[in-house]
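Q: Here you go, one structure.
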Amino acid sequence: MTILFYILAGLALISAIAVISFRQPVYSALSLVVTLFSLAGLYLTLHAEFLAIIQILTYAGAILILFVFIIMLLNLNDDELKEQTPALWRRIVLALLGGFTFAGLWWGVSKFEGDVKNLPQGFGSIINSGKLLFTEYVLAFEIAGILLTVALIGALVLAKRRLKI
Amino acid sequence: MLTMSLKIIIPFVLILQILPIFIWMERKGASYIQDRRGPNRANIFGIRLGGLVHTLPDVIKLIFKEDIIPTRANRFIYTIAPFISMAVACMTFAVIPWAAPLALEKGSFALQALEMNVGILYIFAIASIGVYGVMLAGWGSNNKYSLLGGLRASSQMISYELTLSLSIVGVLILSGSLELGAIVESQSSNLFSWNFIRQPLGCLLFIVAAVAETNRTPFDLPEAEAELVAGYHTEYSSLKFALFYMAEYVNMIVASALMATLFFGGWQVPFLTTDLLREHAGIIIHYSLLGMGAMALLGSIPLFLYKSRVHYGDARDTETKKLSVILFIVGIALLAWRAASGELFFEGLAAQIAAAALQVGIFIGKILFFCWFFVWVRWTLPRFRYDQLMQLGWKAMLPLALLNLFVTAGVYLLL
């Protein structure tokens, strides 16, 4: 199990670095697919089958396909993909943001005090995940739902602004 | 470890055996629907089996064709695309149950490679990855027709995936599980409680969406030959093309297996429960072997007397004679063997395995029926226009699938 973790984590890290290093956007998108797959594998080693499958289904199977779709529609030439260096202040802000995120994660993980060895029956199954979503975390779930609806309506309004309906 | 690897390898080999039969069915079915003869030349010592032998030279031809990679194509992506298609097509079979689980002393032994509690979601997740194969093939070929084909395929598959997954939620509510074995179990052996009776609208939507997902006519816009040459696989030749070709058919076999599993009782034999099958397995196998022997014997006589009006002047002329002799020998052998040993009686594990064999047989029969359904639809209906395809997907099928979900949930809550 530990070997599996190192392989998957290593793959996730390498492909995540590849995402930001490739100049060709299609390669970046494909590297992201590899990252998502290795993350799904990590979830599987943590007995979270449902989460792993949903990860592949929504991120790799839907969202990234749309990414690749858009990149293909743009059909960029090689000379349109020149190396760009972002401004210094942008780099500093981004580095700070990344640092904060990492620190937050570190803090969260180090404070975790659960029993990971003895899992309850049916841990990570679809029934238990569903029950948790609709009882304990129902507020967060509904807020996420509203957020997605707002984004959807926003996209529709932006797309239809020039048309008179 | 050994049983696990066998569980993975056996379904894979089974699909690869169904594949040539399906391709033969497609070619022969197309021919008869178009009022022509279809493949009937290739033969081994004059035996053609109605064109079934044709698959063998076809494969040899594909292997030995020159493998061309276009100059400006992206070599890596161009090469990897057919492998993604084929691998994804084969992976989905892991969660499909082939027969009732065997009751061993150590516990029950499921006849499926992977028993996941998210079963059906696994299939959808893997199937959604299949779009990458088509898309990358279209993009990597550096050909505008390929690119258009790839774009069409991806938008179509994303659109119909929604209907495909929504149409089965009704089934999931009724069976209360996402595990395919449990879904088959819940349909029981009673024909009238199979899901195509309980979920007629869901069944219809699923079949239409599955045809669209596999890019078959009337939804084969990604490879519409009148507009796009051959769509995303225009530039492919040799074994890379063969991989796409095989992936298309394996996808259809998976879709057929899913239709059978979700709506038509899977491995359930109509009106014969697993217990009944196990109890009478010996008798059923005995009499079906006797019946097969008698049929082979009776069939060999008209086959021997049959005179073809066509004269080839080679080994093919004596095909019916040779086949009738083989049939005659098989018939005699079966009858003699069965008559000599008397009625079979299986007990314990043997009875379970015999019952499982019957169930696998009926399941493969159902799969082949739906494969034929795909062929039938393809050569009957004309192709949609692109806007019609999108209209149908988003404005007709998606609302209907939602309606089906609400009605099913409401009825289930009230009852």
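Q: Applying 1/(1 + (r/R0)^6) with R0 = 41 Å to the Cβ-Cβ distance of B:K61 and B:S5, what FRET efficiency is obtained, to the nearest 0.05?
A: For B:K61 and B:S5, the calculated efficiency is 0.80.
Q: Here's something else I'd like to know. Counting only other chains, and only Cβ atoms inside 10 Å, what mean value do you get across the residues of A:46-57? Don't jump to the answer; show the numbers that get you there.
A: Details: counts 0, 0, 0, 6, 5, 1, 5, 11, 3, 1, 7, 11.
Partner Cβ neighbours, averaged per residue: 4.
Q: Place a +1 charge on the Cβ of each Lys and Arg in the stretch B:281-345 and a -1 charge on the Cβ of each Asp and Glu, then give the dipole magnitude about the Cα centre in debye, rounded to the nearest 20.
A: In debye, rounded to 20, the stretch B:281-345 gives about 180.
Q: What accessible area per residue, rounded to a whole number of Å², is obtained for chain B using a probe radius of 1.4 Å?
A: Counting only protein heavy atoms, the per-residue value for chain B is 48 Å².
Q: Next question, about the same structure. In deg cm²/dmol and to the nearest 500, what is the mean residue ellipticity at 222 nm of chain B if only DSSP H runs of at least 4 residues count, each as -39500 (n - 2.57), divided by the residue total?
A: Helices in chain B give a 222 nm mean residue ellipticity of -22500 deg cm²/dmol.
Q: Pop the C-beta distance of B:T79 and A:L74 into the FRET formula with R0 = 22 Å and round what comes out to the nearest 0.05.
A: 0.40
Q: Could you tell me the calculated FRET efficiency between B:I353 and B:V330, based on Cβ-Cβ distance and R0 = 35 angstrom, to the nearest 0.05?
A: So, using R0 = 35 Å, E works out to roughly 0.90.
Q: Sticking with this structure for a sec: Could you give me the radius of gyration and the Dmax of chain B, taking only the C-alpha atoms into account and expressing both in angstrom?
A: Cα-based Rg and Dmax for chain B come out at 23.5, 72 Å.
Q: Taking the Cα centre of the stretch A:85-165 as origin, work out the dipole magnitude from +1 charges on Lys and Arg Cβ and -1 charges on Asp and Glu Cβ, in debye rounded to 20.
A: So the magnitude is around 720 debye.
Q: If you place +1 on the Cβ of every Lys and Arg and -1 on the Cβ of every Asp and Glu, how big does the dipole about the Cα centre of the protein assembly as shown come out, in debye to the nearest 20?
A: 1340
Q: By how many nm would the segment from B:L114 to B:R36 grow when fully extended, if each residue of separation counts as 0.36 nm and the alpha-carbon distance is taken off?
A: 23.7 nm
Q: Can I ask one more? Total accessible area buried between chains B and A, 1.4 Å probe, in Å² to the nearest 100?
A: Details: alone 20970 and 13960 Å², together 32740 Å².
Summing both sides, the interface buries roughly 2200 Å².
Q: Are there any trypsin sites (Lys or Arg not before Pro) in the stretch B:101-209 that are in a DSSP loop and have at most 10 other Cβ atoms within 10 Å? List them by number.
A: B:K106
Q: How big is D, in µm² s⁻¹, for chain A by Stokes-Einstein at 10 °C and 1.306 mPa s if Rh is the Kirkwood radius over C-alpha pairs?
A: On the way: Rh = 19.6 Å.
Rounded, D is 81 µm²/s.
Q: Then there is this: If I model a spin label as a point 7 Å beyond the Cα along the Cα-Cβ vector, how far apart are those points for A:T45 and A:F112 in nm?
A: Spacing of the two 7 Å Cα→Cβ label points: 1.3 nm.
Q: What does the convex hull of the Cα atoms come to per residue for the protein assembly as shown, in Å³?
A: 215
Q: Express in Å², to the nearest 10, the accessible area of B:V131 obtained by rolling a 1.4 Å probe over the protein heavy atoms while all chains stay in place.
A: Only protein atoms counted, so the area is about 0 Å².
Q: Can you tell me which of A:A60, A:A144, A:A18 moves the most in a GNM of chain A? Springs connect C-alpha atoms under 10 Å apart.
A: Maximum fluctuation in the GNM of chain A, among the listed residues, is at A:A144.
Q: Connecting C-alpha atoms closer than 10 Å in a GNM of chain B, tell me which of B:P20, B:P82, B:P270 has the biggest fluctuation.
A: B:P270
Q: Among B:L52, B:I183, B:A356, whose Cα sits farthest toward the positive end of the charge dipole of chain B (+1 at Cβ of Lys/Arg, -1 at Cβ of Asp/Glu, about the Cα centre)?
A: Value: B:L52.
Q: Identify the residues of the stretch B:171-205 with backbone N under 20 Å of a label point that sits 7 angstrom from the Cα of B:F406 along the Cα-to-Cβ direction, or state none.
A: Residues B:171-174, B:199-205 fall inside that zone.
Q: Give me Rg over Rh for the stretch B:281-345, both radii from the alpha carbons and Rh done the Kirkwood way, two decimal places. Don't jump to the answer; show the numbers that get you there.
A: Working: Rg = 15.3 Å, Rh = 13.0 Å.
When Rh is taken as the Kirkwood radius, the ratio is 1.17.
Q: Return the single residue from B:V13, B:V53, B:V88 with maximal mean-square fluctuation; model: Gaussian network over chain B, springs between Cα atoms under 10 Å.
A: Looking only at B:V13, B:V53, B:V88, the largest GNM fluctuation is found for B:V13.
Q: I've got another one for you. Per residue of the stretch B:151-160, what does 6.51 cos²θ - 1.76 cosθ + 1.60 with θ = phi - 60° give for ³J(HN,Hα)? Whole Hz please, x for Gly and Pro, Karplus curve as stated.
A: Result, rounded to whole Hz: 5, 4, 4, 5, 5, 5, 5, 5, 5, 7.
Q: While we're here: What longest range of chain A stays clear of loop-exposed GluC sites (Glu not before Pro) (DSSP non-H/G/I/E/B, at most 10 other C-beta within 10 angstrom)?
A: My reading of the result: A:1-82 is the longest stretch.
Q: In addition: If you scale each eigenvalue of the Cα gyration tensor by 5 and take the root, what three semi-axes come out for the stretch B:242-373, rounded to whole angstrom and sorted largest first? The partial results should precede the final answer.
A: Numbers: eigenvalues 208, 150, 25 Å².
Sorted largest first and rounded, they come to 32, 27, 11 Å.
The values are calculated or read from the model by the stated rules, or taken from the named source; none is laboratory data. Everything numeric in this text was worked out from a predicted model, so none of it was measured. In this analysis, Cβ positions are derived from the backbone assuming ideal geometry, glycine residues included, and neighbour counts consider all displayed protein chains. Calculation scope for accessible area: heavy atoms of the full protein, side chains included, ligands and nucleic acids excluded. Shrake-Rupley method; radii C 1.70, N 1.55, O 1.52, S 1.80 Å.
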